[in-house]
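The values are calculated or read from the model by the stated rules, or taken from the named source; none is laboratory data. Predicted model, so just to flag it, every value in this text is computed and none were measured. Cβ sites come from the backbone with ideal geometry, for glycine too, and all protein chains shown count toward neighbours. Just the protein is used for accessible areas: all its heavy atoms, side chains included, with ligands, DNA and RNA removed. Shrake-Rupley method; radii C 1.70, N 1.55, O 1.52, S 1.80 Å.
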Amino acid sequence: AIIALRLRRAGWLADTEELRWSQGTRPEEGLQIAIAEVPVGDGFADYILFDGLDALAVIEAKRRDQPVRGGLEQAKRYARDFDAKSPIPLVFASNGRDFHQQISTHCGIWFQDLRRPTNQARHLADWYTPQGIRRLLNQDLDRSLALLTDEPFDYLGLRYYQREAIQAIEYAISKERRKALLAMATGTGKTRTAIGLVYRFIKAGLF
């Protein structure tokens, strides 16, 4: 019920008791809906997120006292078995508890994008909205990285070390790293560097 509530807050139609496959709920054009207990193979997916007739994600719901991250493996199996020719691209697992780094595997929302074998599981601060998932699925990471590589530095009047700092972050991103730290001294233009970095990411459609 907690997961359904939070999905509703994110813009999905969700009701664990009413919007169930066994109750006759099916995907419909124009509806962004989380259908509960969808039969898949020899089991049941706790939720599948549909945008219209498109199945976008599988959610594995765990009990509050159970580890969360391991639920992604079960969600992956359902994602594969739902449609062998076109597997569901995204998986989530959650037990409804808020995320705390100290017990990260036992709480929060864990997520993995299955479209690239190098994509790693990670935790999210909140559920994706239907629009957010569509933006994610429309993103072409390889194209964005290529655009970033070809993007010139002829704006903001960046100094050479600011350009090098930006290039170091971009290199880390290209290697699938999600965290990086720049250490810059007072007066070296941290704000200008950050603006240049964000501008380039937005222009390339990377985030």
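Could you give every pair whose Cβ atoms fall below 6 Å, whose first residue belongs to region 14-28 and is within 15 Å of Asp51 (Cβ to Cβ), and whose second residue is open to solvent by 100 Å² or more (accessible area, probe 1.4 Å), counting only separations of at least 6 or pairs across chains?
So the pair list comes out as Ala14/Arg8; Pro27/Leu53.
Given (1) open to solvent by 70 Å² or more (accessible area, probe 1.4 Å); (2) closer than 25 Å to Glu60 by Cβ, identify the lone condition not met by Arg159.
Unmet condition: (2).
Please work out which residue is nearest to Lys62 (Cα to Cα), limiting yourself to region 115-133 and to residues that are surrounded by 15 or more Cβ atoms within 10 Å (Cβ to Cβ) and at pLDDT 95 or above.
Trp127
Checking Arg97 against (1) touching a His at 6+ places or on another chain (Cβ under 8 Å); (2) open to solvent by less than 70 Å² (accessible area, probe 1.4 Å); (3) among the charged types (D, E, K, R), which single condition isn't satisfied?
(2)
Is region 78-96 home to any residue that is at pLDDT 80 or above, touching an Asp or Glu at 6+ places or on another chain (Cβ under 6 Å) and of a type in the set (D, E, K, R)?
no
When you scan region 123-135, do you find a residue that is farther than 18 Å from Arg6 by Cα and in contact (Cβ under 8 Å) with a residue 12 or more places away in the chain, even just one? I'd like the intermediate steps shown before the answer.
Restricting attention to region 123-135, the residues satisfying the condition of being farther than 18 Å from Arg6 by Cα are 134-135.
Then keep just the ones that are in contact (Cβ under 8 Å) with a residue 12 or more places away in the chain; that gives 134.
Within region 123-135, one or more residues are farther than 18 Å from Arg6 by Cα and in contact (Cβ under 8 Å) with a residue 12 or more places away in the chain.
Each row is one residue, and each column tells you yes or no for (1) under 15 Å from Tyr128 (Cβ atoms); (2) among the aromatic types (Phe, Trp, Tyr); (3) at pLDDT below 95; (4) in contact with a helix residue (DSSP H, G or I) (Cβ under 9 Å, 6 or more places away or on another chain).
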| site | (1), (2), (3), (4) |
| --- | --- |
| Ile2 | no, no, yes, no |
| Arg9 | yes, no, no, no |
| Trp12 | yes, yes, no, yes |
| Gly41 | no, no, yes, yes |
| Ile48 | yes, no, no, yes |
| Asp51 | yes, no, no, yes |
| Glu60 | no, no, no, yes |
| Asp65 | no, no, yes, yes |
| Gly71 | no, no, yes, no |
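Could you check Ile35 against (1) at pLDDT below 95; (2) over 16 Å from Asp113 (Cβ atoms) and say which number it fails?
(1)
Which ones in region 182-207 are within 23 Å of Asp142 (Cα to Cα) and in a loop (DSSP other than H, G, I, E, B)?
Residues satisfying the conditions are Gly205, Leu206, Phe207.
For region 136-150, does any single residue satisfy the condition of being without any contact (Cβ under 8 Å) to a residue 60 or more places away in the chain, of a type in the set (A, V, I, L, M, F, W, C), farther than 27 Å from Lys190 by Cβ and in contact with a strand residue (DSSP E or B) (Cβ under 8 Å, 6 or more places away or on another chain)?
Keep residues of region 136-150 that are without any contact (Cβ under 8 Å) to a residue 60 or more places away in the chain, which gives 136, 138, 142, 146-150.
The next check asks that each one be of a type in the set (A, V, I, L, M, F, W, C); those that pass are 136, 146-148.
Then keep just the ones that are farther than 27 Å from Lys190 by Cβ; that gives 136, 146.
Those still in the list that are in contact with a strand residue (DSSP E or B) (Cβ under 8 Å, 6 or more places away or on another chain) too: 136.
Within region 136-150, one or more residues are without any contact (Cβ under 8 Å) to a residue 60 or more places away in the chain, of a type in the set (A, V, I, L, M, F, W, C), farther than 27 Å from Lys190 by Cβ and in contact with a strand residue (DSSP E or B) (Cβ under 8 Å, 6 or more places away or on another chain).
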